[in-house]
Amino acid sequence: MEKISPKKHLGQHFLTDKQLAQKIVRMLQAPPAAKVAEIGPGMGILTQYLLPIYPDLQVIEVDSSAVAYLQQAFPALGTRIIFQDVLKWEPARSLVPDSYLIGNLPYNISSPIFFHLIENRQYVKEGVFMIQKEVAERICASKGGKTYGILSVLLQHYYHVKYEFSVPPSVFSPPPKVMSAVIRMVRKDTDEETITFQALKTVVKTAFNQRRKTLRNSLKSLSFASFEGEERIYTLRAEALSLEEFVLLARNLQNQASIKEENEC
């Protein structure tokens, strides 16, 4: 069977180390009957170890040549090969709540993929992903550091995230110019009713888009009511705020929006 050539515009770097592939697959803590989806299978180096464990496995692939390869190499997948851009993929159409995801994500769109997964988090109970090391460090960063940012806060609010291990360029074809890393994320039991994702995202993005400014200045375009501890919080920069403090601001913003809507009715 003819191998496919990695496409630069798709950010493809195919993993070639079979032992590493098995290690990544073993990290997924899904029961055999669980619904599992693989993002960006390429030539199926993870797929070959996932399919015997999860016979109902589905894969999402945007490269037509990779889809043709998978159809020949893994006929057992049948119609569970979804030929689609993962950013346009609707998990609700093919997954069930509390499904599991795994994959070697395209490095050029890994951050948008995570935002897409957060918005569909009811379908993503757990995920194991290979990504660029720099992005992995941002995701797992703690407050106070330069790598702590939008992705850190949003993912850590909804998921327990763990940086598992680093991966060298030599195990890929072609070798990327950066180090890679594998992370694992497990969804938290978050009270969804107290805060919307949109409210949290608005506060976090607004704060970090001007991260050198204090929150008094970076958040002045948003409307907040007075709250206990506001003077201290407003003197800080975004990178100094904890997850809980961002949630406090988001809940305040959300409540203000609700009051405004009521007054306009």
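The values are calculated or read from the model by the stated rules, or taken from the named source; none is laboratory data. Everything numeric here is computed off the predicted structure, so don't read it as measured data. For neighbour counting, all protein chains shown are included, and Cβ atoms are generated from backbone atoms with ideal geometry for every residue, glycine included.
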Find the residue count for segment 1-51, including only residues that are in contact (Cβ under 8 Å) with a residue 60 or more places away in the chain and surrounded by 13 or more Cβ atoms within 10 Å (Cβ to Cβ).
25
Within segment 182-238, the residues that are aliphatic (A, V, I, L, M) and either at pLDDT below 90 or part of a strand (DSSP E or B) (or both) are Val182, Ile183, Met185, Val186, Ile195, Ala225
Tell me, yes or no, whether segment 170-193 has at least one residue that is touching a residue at least 40 places away in the same chain (Cβ under 8 Å), more than 21 Å from Ile39 (Cβ to Cβ), buried (at least 19 other Cβ atoms within 10 Å of the Cβ) and β-branched (Val, Ile, Thr).
no
Filter pass, Tyr107 being at pLDDT below 95, touching a strand residue (DSSP E or B) at 6+ places or on another chain (Cβ under 9 Å) and assigned by TED's automatic domain parsing to the domain that holds Val161:
yes
Out of the residues in segment 144-165 that are under 18 Å from Val124 (Cβ atoms) and in a strand (DSSP E or B), state the one that is farthest from the chain's Cα centre (by Cα).
Glu164
Apart from one, (1) of a type outside the set (Lys, Arg); (2) farther than 22 Å from Ile118 by Cβ; (3) in contact (Cβ under 8 Å) with a residue 24 or more places away in the chain all hold for Glu230; the odd one out is (3)
Only one of Lys205, Lys213, Lys220, Lys201 is surrounded by 13 or more Cβ atoms within 10 Å (Cβ to Cβ), in contact with a Leu (Cβ under 8 Å, 6 or more places away or on another chain) and among the basic types (Lys, Arg). Can you tell me which?
Lys201
Which listed residue, of Tyr107, Tyr54, is touching a Pro at 6+ places or on another chain (Cβ under 9 Å) and either surrounded by 21 or more Cβ atoms within 10 Å (Cβ to Cβ) or small (Gly, Ala, Ser) (or both)
Tyr54
Pairs, please: C-beta under 7 Å, at least 6 apart or cross-chain, first residue within 25 Å of Pro41 (Cβ to Cβ) and touching a residue at least 24 places away in the same chain (Cβ under 8 Å) and in segment 124-149, second acidic (Asp, Glu) and in a loop (DSSP other than H, G, I, E, B)?
Lys125/Asp98
